[in-house]
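Novice: Sharing a structure with you now.
Every read-out reported here was derived from the displayed coordinates using simple, explicitly stated rules and does not represent laboratory data. Just so it is clear, the model here is predicted, and its values are computed rather than measured. Note that we place each Cβ from the backbone using ideal geometry, even for glycine, and neighbour counts take in every protein chain shown.
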Amino acid sequence: MSSPFKYTPLTVASMALLSGLLAPALAQTLDEVVVSASRAQARSFDAPAAIQSVGREVIQNGGPQVNLSESLVRVPGLTILDRSNYAQDLQLSIRGFGARAAFGIRGIRLLIDGIPATTPDGQGQGSSVSLTSMDRIEVLRGPLAQLYGNASGGVIQAFTKPASPVPLVDYQYYVGDYGLHRADYQFSDTVGDYGLVADYSTFTIDGYRDNSRTERKQFNGKLDFNTNNQTRVTLVFNQFDMPLAQDPLGLTAAQWASNPAGAGNYAALYQTRKAVLQNQLGGSATYTVDRDRSFTGRAYYGTRDNLQYQSANTITNPPAATWVGLNRKYFGAGLQYNENTRWGETPVQWVSGYEFDRSREYRQGGGTLYGEKSNDPPTRNEDNQSENSDFFAQATAHVSEAVSVVGGLRHSAVRFASDDYLVTPSSPDGSGSVSYRATTPVLGVTYYATEHLNVYANYGQGFETPTLAEMAYSNDPGASGPKGAFNSTLNASNSRHYEIGSKWAPSRQTRADFSVYQIDTTDELVVAQSFRGATAYTNAPGTSRSGWELSAHTLLSPQVSATLSASAINAQYTKDFDCVGLLCSGKTKIPSGSKMPGIPETSFFSEVAWSSSPAQPGAKSAPVGTRLGFEVVQAGRMYVNDLNDLAPANGHTIFNLSASQRWAVDRAAVTLYARLNNASDERYIGSVIVNQSSKQFYEPGLPKNWMLGVSVSAPL
């Protein structure tokens, strides 16, 4: 059995680079401020958890700000597989949670300005984040994430930038390979107690692969104001409009070897594609009772329309496949109380609250003819609902100058229901309902060994229900694909998380974080069968994940900075379970010790950047002058199916080059950007579709590609 703790070339390279990173630096770095770990502002160095934050400058330098992968690739323990398929979104996982998702984000809580972008069943879309207007993005991993409820394998929380104190107009435009065009228009101002940020962006790309053209439009607006000296209100509205996202599907091993730019079987013939329109309005209000006490309430409402045209397993005459349409309405509310107090002589920070969220979606499906809806009656017509009702409490006690203890508890109740309106002799009633309940504790301790070194240990329990999409199909072992019927037989998975970590800042210029973890799960949700956009799931009796994560950053000189993140994971099944579906190859069991598919065994990111301007401690914007960057991005081997008997994606290492030049023109700033990604033109598999029944597992990564951009920021 392989172990993530052995000395691999990645480990040796990481440690070698780390020794260089910890060399003396000559300038000061800014302290990260985060809120996700304790639900209140705190220095990330003091937070008793594995948490990283990426700021505005990193987001800007990462690329055209279309995908989370551009900037979050530098966060250890988080894997974002850029499949270059905007119809299915990114494949995003944290410590292996979310890797099974055929589309969208599963197993990870996503919040934007404190408003959930994850529905009660645990599904969300990374495209909901308007990167052009984000100020920072936090990523919380480990046991404390379990206090965010169902499907909290990790938490990603994004924050819109604050309003400018003066009227400010920002404009960005990018062009790149494969017909990429990206434009962004932004206005920000503060008038009295009112602050406004309004951002509108467009994106089009023809795509590297056949049948992969995409068009997007996105708006994000935030209004802050005070109603009195004690109350601060924030209103947020965002819209995501994707009228076209062609789906090139996955490739077989033979197809990838012969033409990685091609589309999967019959994608062009059946015009596989997706269209999405989402609107969401949310608000939060914080009432400050006094210096030590505050209440925060939030509420939101949204709609999402999703129409997808899928492929078929064979060519028919006339060509016929299927379509699926979802019309979703969702809303939620929450109330949170924060207090700084003393229990005896012990200072305590604690928070408690209640959250309710509900989603209702109307699902239809039917046949297509030459990629358009046929005149035949629908084959699916149903109403699906999910809701959660959760109470939580968390407290951090500073029992001495050297020790603090954190404890928390969350009680969650999640309910699902499906009403089937299409019941015929050939389509039996697929209605059903199911409820899940769980109480999840968290306990941790932090030892402040010195002013520059913290050591912490955490334990937590979590649970993850199936999503509505994962319950939409039941496995049909003898058929070519899953059958459309609500699957209420799935259990929620339960997990136990153990974590030990340290944070070392030998100077204000240098910091290194390291953590090791063990996660044991029962009833893990795994893909039983995936075929032509339809995926059925089952429960595996036992899995384990063990791994380590390392991140470090320093200034090697006033003009040279270095960043490193590295991680390794050993994710495997710990008990035999039945093999179902067409991929069993005559076998009846998935044996214990098999690797969980879709999870890269290692990941590595490093960047060395040179700036013509010395670092400026406390600066809130990029300095004037030139910046040059060199990046190394590595992902290790990942398996494509539970049996591990087919060719895995063997990993890759790519090199990226970036450059920018910033000028001050009167009170305005003009910046030019350039990037060359995959400079060595490595041919590699970017992601895999796990347990795909027709063996179209492979989604190619991009070959060498370029991007040019300009940004103008001008006060009025």
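Novice: Can you put 459, 86 in order of Cβ neighbours within 10 angstrom, beginning with the fewest?
Specialist: Numbers: 459 16, 86 25.
The fewest-first ordering by Cβ neighbours comes to 459, 86.
Novice: Oh, and also: Sticking with the crude label model, points 7 Å out along Cα→Cβ, report the distance from residue 305 to residue 489 in nm, one decimal please.
Specialist: 3.7 nm
Novice: Reachable lysines from residue 373, Cα under 24 Å, same-chain residues fewer than 8 places away excluded?
Specialist: Straight-line reach from residue 373, under 24 Å: 274, 329, 483.
Novice: Highest first, please rank the peptides 336-343, 87-94, 139-146, 107-114 by the mean number of other Cβ atoms sitting within 10 Å of their residues.
Specialist: Working: 336-343: 15.2, 87-94: 25.6, 139-146: 28.0, 107-114: 24.0.
My ranking of the peptides, most packed first, is 139-146, 87-94, 107-114, 336-343.
Novice: Taking square-rooted eigenvalues a ≥ b ≥ c of the alpha carbon gyration tensor, is region 89-238 rounded, prolate or oblate, where a/c under 1.5 means rounded and, failing that, a/b exceeding b/c means prolate?
Specialist: Working: a/c = 2.73, a/b = 1.13, b/c = 2.42.
Since a/c reaches 1.5 but b/c is at least a/b, the shape of region 89-238 is classed as oblate.
Novice: Tilt of helix 9-21 relative to the longest C-alpha principal axis of the chain, in degrees (0 to 90, nearest 10)?
Specialist: 20 degrees
Novice: Find how much the distance from residue 443 to residue 419 grows on full extension, using 0.36 nm per residue of separation minus their present alpha carbon separation; answer in nm with one decimal.
Specialist: 4.6 nm
Novice: Still on this structure, please answer the following. Could you work out the helix-only [θ] at 222 nm for the chain, with each DSSP H run of four or more residues adding -39,500 (n - 2.57) and the total divided by the number of residues, to the nearest 500 deg cm²/dmol?
Specialist: Computed ellipticity for the chain at 222 nm equals -1000 deg cm²/dmol.
Novice: Residue 575: which lysines have alpha carbons under 20 Å from its alpha carbon, excluding same-chain residues fewer than 8 sequence positions away?
Specialist: Leaving aside lysines fewer than 8 places away in the same chain, those within reach of residue 575 are 587, 589, 595.
Novice: Please list 321-332, 675-686, 696-707 highest first by mean number of surrounding beta-carbon atoms within 10 Å per residue. Could the numbers behind the result be given before it?
Specialist: Working: 321-332: 19.4, 675-686: 17.0, 696-707: 20.9.
Going from most to least packed, we get 696-707, 321-332, 675-686.
Novice: By a straight-distance test (C-alpha under 18 Å), which aspartates and glutamates pair with residue 503 as possible cross-link partners, with residues fewer than eight away in the same chain excluded?
Specialist: Reachable aspartates and glutamates: 31, 32, 46, 138, 401, 451, 513, 549.
Novice: Quick one: 455, 236, 608, fewest Cβ neighbours within 10 Å first, how do they rank?
Specialist: Lowest to highest Cβ neighbour count: 455, 608, 236.
Novice: Using per-residue counts of other Cβ atoms within 10 Å, averaged over each peptide, order 425-432, 688-695 from highest down.
Specialist: Per-residue mean Cβ counts within 10 Å order the peptides as 688-695, 425-432.
Novice: Cut-off is 10 Å between beta-carbons; in what order do 595, 587 appear when sorted fewest neighbours first?
Specialist: So the ranking, lowest neighbour count to highest, is 587, 595.
Novice: To continue, here is another question. Across region 188-195, in residue order, what do the Karplus-derived ³J(HN,Hα) couplings come to in whole Hz, using 6.51 cos²θ - 1.76 cosθ + 1.60 with θ = phi - 60° and x for Gly and Pro?
Specialist: 9, 6, 10, 10, x, 8, 10, x
Novice: Once you have the Kirkwood Rh of region 613-702 from its Cα pairs, apply Stokes-Einstein at 37 °C and 0.692 mPa s and quote D in µm²/s.
Specialist: Stokes-Einstein gives a translational diffusion coefficient of 199 µm²/s.
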